[in-house]
Amino acid sequence: MVRGKIEMKRIENATSRQVTFSKRRNGLLKKAYEFSVLCDAEVAVIIFSQKDRLYEFSSSDMRETLTRYRKYAKDHEQTNKVEVEQHVQHLKHESAIMTKKIEILEASQRKLLGNDLDSCFVEELQEISSQLERSLRSIRERKAQLFMEQMENLKAKETLLLQENAKLREESGCPQWNVLKGRKDGRMSRANETINLPPPTFNEDLVALSGGRTLGFSHCSSFESRLRNFSSLHGVDPTMNNVFSQKVRNKCRKPKCVL
């Protein structure tokens, strides 16, 4: 028959509790005796019942065992006390070292910020200057690296947008023109980059999108066909503003003049 596990809690029934106390007390004292004989150990067991009755076992004199225990406990307590004091002293020493290091770091930080420099010698000032230059160099290198990364990201986004734009134009069937960057009348752009830019007389939408019409100088020859003898019905391009066209005609009386 398999013995079931007993739950470790107080037995509520007084009779069962007393029976269990008697059985386990006798078993504990028996085990203590066997342990002392088999292992040649000094064993002492003291048990007080719920009714304040004393039960004890000792492999030798109980008083000598208790005296030995008190002496050991006292020595152990003193040893622990010494170890605790040594540990506290060690922590205080480490705390003092850390405090000193913090003071040195705070003083160094103040000097790096340009404060408390009156007590510094030339060599120390030179070292501070070199350290600041190294730090500034590292900061600039990191800044340049971030700028390059941002530029690469923007280029990637630009390429993606151009691809999407080309795909949308292809799907919508809109006409496309390969136009180089630059301004036809610009002073800073290269001439070979403005060859394919449309003239101001070309398609209005293409001129606006390509940047062919911008603020700057333009030759009257570019507008001559729109200012005089535009058609058999109109001398001036009727799509032009009357006031503006009259001003342009006054400016462009002489050939090859420049607006």
**Message:** For the list (1) β-branched (Val, Ile, Thr); (2) assigned to a helix (DSSP H, G or I); (3) touching a residue at least 12 places away in the same chain (Cβ under 8 Å), I need the number of the one condition that Val45 fails.
**Reply:** (2)
**Item:** Residues (β-branched (Val, Ile, Thr) and over 30 Å from Ala14 (Cβ atoms)) located in the range 38-85
**Value:** Val43, Thr65, Thr67, Thr79, Val82, Val84
**Item:** Residues that are surrounded by 10 or more Cβ atoms within 10 Å (Cβ to Cβ) and not aliphatic (A, V, I, L, M), drawn from the range 107-128
**Value:** Ser108, Gln109, Arg110, Lys111, Asn115, Asp116, Cys120, Glu124, Gln126, Glu127
**Message:** Pairs please, first residue from the range 3-31 and within 21 Å of Tyr55 (Cα to Cα), second anywhere and assigned to a helix (DSSP H, G or I) and among the basic types (Lys, Arg), Cβ atoms under 6 Å, 6+ apart in sequence or on different chains.
**Reply:** Ile11/Arg17
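Every number in this text was worked out from the coordinates using simple rules, so none of it is lab data. What you see is a predicted model; the values in this text were computed from it and never measured. Don't worry about glycine lacking a Cβ; one is built from the backbone with ideal geometry, like all the others, and counts go over all protein chains shown.
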